[in-house]
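Participant: My questions all concern the structure below.
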Amino acid sequence: MFVVMTVGASEAEILGVKSRILAEGLTPFDHVGEERTVIAVVGEIGSRRPALLEEFARLPGVGSVTPISRPYKLVSREFHPEDTVIRVLDAVIGDGSLTVMAGPCSVESKEQLFETADAVKAAGATILRGGAFKPRTSPYSFQGLGVQGLRYLAEARERTGLPVITEVMEPNQVDIVAEYADVLQIGTRNMQNYSLLRDVGRVARPVMLKRGYGATVEEWLMAAEYIVSSGNPNVILCERGIRTFETFTRNTMDLAAVPVINHLTHLPVIIDPSHATGKRWLVKPLAVGGVAVGADGIMVEVHPHPDDALSDAEQQLDFEGFREMMAAVLPVHEQVRGLYGPGA
Ligand code: PEP
Ligand code: MN
């Protein structure tokens, strides 16, 4: 349930409500909105619901108490009507600007990463991506450079000024990845790895949560709720395609998920047309499509020589392809900017 405070509620009244919630063995999360503070009551309320609804409503400073039917609370628009805006170094995500995350699927060498970082930055990327720990379908495929890859990413940040995003696959990697990276990525295969979600919820780094390839929007938002309720409000959602009966594309990009997410939650949403399609020539049109339907940004794979890439060779763009994609996407972003307000 949400306890909605009156417009002029005092600090003491807000504290009073929070300590009453704690006394019930429940956890209060408050959101100080533009007008009023809303306190989400999180925990197993069970049969106490009707009594608590009445009791909380009588506390000083309380305007109303609303039972909510959605299973996710902290990530919902009801709790937090304004868009969440995330700042990481000079990049701002979710403020209406276009976030462009670009870089190789895997960090393969210092030279490969630096060359790509320079090229994507020059073409307008705002965040550098690159996998150091790689979740590969085959145990015989290249598994990434690990910690050495993280070091190269940190050096590429020094060189370009771009914040870096990379995947963390296991709870025991969270600290080391957070030491080197600016944004932690949770991959599609780990969207429901709840211990990993809780662990990234405890670090002071934004997290990009990719949609599980077999997950519904609600399951995806519940996964985000794990991270936010563990203490990390800075979550970015990434639609990267879901598995359907279609086999021509690697996955099926769920473009409708973008406005759905914008409607249901205040968290920013990014689209990844590289993994969604698996084909280089489909990246530009789907990037344009994602931006047109209101995504806050895109993540695309870029490699100096895509055909020689150690992972995802078929879907990585070369530098010219990336520049062409940017030239197509930027005017579309200008056109739709302002078209979709919060919750639209
Ligand atoms: C990636 O972005 O490097 C990746 C492995 O993506 P996904 O988890 O969406 O397959
Ligand atoms: Mn990849």
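Participant: Per residue, how big is the convex hull around the C-alpha atoms of the stretch 222-261? Give it to me in cubic angstrom, could you?
Facilitator: In the stretch 222-261, the Cα hull volume divided by residue count equals 84 Å³.
Participant: With springs only between Cα atoms under 10 Å, which of Ala12, Ala309, Ala91 fluctuates most in a Gaussian network model of the chain?
Facilitator: Comparing Ala12, Ala309, Ala91 in the GNM, the peak value goes to Ala12.
Participant: Taking the Cα centre of the stretch 36-136 as the origin, how large is its charge dipole in debye, to the nearest 20, when only Lys and Arg (+1) and Asp and Glu (-1) carry charge on their Cβ atoms? Working shown, then result.
Facilitator: Details: 13 positive and 12 negative charges, 80 e Å.
Taking the Cα centre of the stretch 36-136 as origin, the dipole is about 380 debye.
Participant: Still on this structure, please answer the following. If I build a Gaussian network model for the chain, linking alpha-carbon pairs within less than 10 angstrom, which residue out of Val62, Val269, Val164 has the largest mean-square fluctuation?
Facilitator: The residue with the greatest mean-square fluctuation here is Val62.
Participant: Share of Cα-Cα pairs in the chain beyond 40 Å, in percent? Could the numbers behind the result be given before it?
Facilitator: Details: 9419 of 58996 pairs.
Summing the P(r) tail past 40 Å for the chain gives 16 percent.
Participant: How far, in nm, would the chain grow between Arg189 and Leu59 when pulled straight, counting 0.36 nm per residue and subtracting the alpha carbon separation?
Facilitator: 42.3 nm
Participant: Roll a 1.4 angstrom probe over the protein heavy atoms and tell me the percent of accessible area of the stretch 39-193 that is carbon or sulfur. Before the final figure, lay out each step's value.
Facilitator: Working: 3200 of 6410 Å².
That fraction is 50 percent.
Participant: Lys and Arg at +1, Asp and Glu at -1: add these up for the other residues within a Cβ distance under 15 Å of Ile176 and post the number.
Facilitator: Charge balance near Ile176 sits at -3.
Participant: Just subtract the alpha-carbon distance of Tyr340 and Ser109 from 0.36 nm times their residue separation and send over the number in nm, one decimal.
Facilitator: 79.1 nm
Participant: For the stretch 246-284 and the stretch 80-135, compute the distance between their C-alpha centroids and round to whole Å.
Facilitator: Using only Cα atoms, the two centres lie 17 Å from each other.
Participant: Working out 0.36 nm times the residue gap between Asn172 and Ala327, then minus their Cα-Cα distance, what length gain in nm do you get to one decimal?
Facilitator: Contour length minus the Cα-Cα distance gives 51.8 nm.
Participant: Also: Counting DSSP beta bridges in the chain, what percent are antiparallel, to the nearest 5?
Facilitator: In the chain, approximately 40 percent of DSSP beta bridges are antiparallel ones.
Participant: Here's something else I'd like to know. Can you order the peptides 126-136, 238-248, 188-198, 293-303 by their average number of other Cβ atoms within 10 Å per residue, highest first?
Facilitator: 293-303, 126-136, 188-198, 238-248
Participant: The stretch 101-191: Rg/Rh from Cα coordinates, Kirkwood Rh? Walk me through the numbers on the way to the answer.
Facilitator: Values: Rg = 12.3 Å, Rh = 12.9 Å.
Rg/Rh for the stretch 101-191 comes to 0.95.
Participant: Could I ask something else about it? Mind giving me the FRET efficiency for Thr137 and Val85? R0 is 30 Å, r the Cβ-Cβ distance, nearest 0.05 is fine. Could the numbers behind the result be given before it?
Facilitator: Details: r = 35 Å, r/R0 = 1.18.
Using R0 = 30 Å, I get an efficiency of 0.25.
Participant: Next up: Would you calculate the volume per residue, in Å³, of the smallest convex hull containing every Cα atom of the stretch 123-268?
Facilitator: Expressed per residue, the convex hull around the Cα atoms of the stretch 123-268 is 134 Å³.
Participant: While we're looking at this one, here's another question. Using θ = phi - 60° and the Karplus curve 6.51 cos²θ - 1.76 cosθ + 1.60, what whole-Hz ³J(HN,Hα) does each residue of the stretch 25-30 get, with Gly and Pro shown as x?
Facilitator: Calculated HN-Hα couplings, in order: x, 10, 10, x, 10, 9 Hz.
Participant: Would you please classify the overall shape of the stretch 1-109 from the alpha carbon gyration tensor, given that a ≥ b ≥ c denote the square roots of the eigenvalues, rounded means a/c under 1.5, and beyond that prolate means a/b larger than b/c while oblate covers the rest?
Facilitator: prolate
Participant: Let me ask something else about it. Past the 29 Å Cα-Cα mark, which pairs from Lys73/Lys284; Lys18/Lys210; Lys73/Lys134; Lys110/Lys210; Lys73/Lys121?
Facilitator: As for pairs spanning more than 29 Å Cα to Cα, those are Lys73/Lys284; Lys18/Lys210; Lys73/Lys134; Lys73/Lys121.
Participant: Between Ser47, Ser109, Ser229, find the one with the highest GNM mean-square fluctuation for the chain; connect C-alpha pairs within less than 10 Å.
Facilitator: In this elastic network of the chain, the residue with the biggest mean-square fluctuation among Ser47, Ser109, Ser229 is Ser47.
Participant: What accessible area per residue, rounded to a whole number of Å², is obtained for the chain using a probe radius of 1.4 Å? Walk me through the numbers before you get to the answer.
Facilitator: On the way: 14440 Å² over 344 residues.
Normalised by residue count, the accessible surface of the chain is 42 Å².
The values are calculated or read from the model by the stated rules, or taken from the named source; none is laboratory data. Note that the structure is a prediction, hence the values are computed from the model and not measured. Glycine gets a Cβ as well: all are built from the backbone with ideal geometry, and neighbour counts include every protein chain shown. Only protein heavy atoms, including side chains, enter the accessible area calculation; ligands, DNA and RNA are left aside. Shrake-Rupley method; radii C 1.70, N 1.55, O 1.52, S 1.80 Å.
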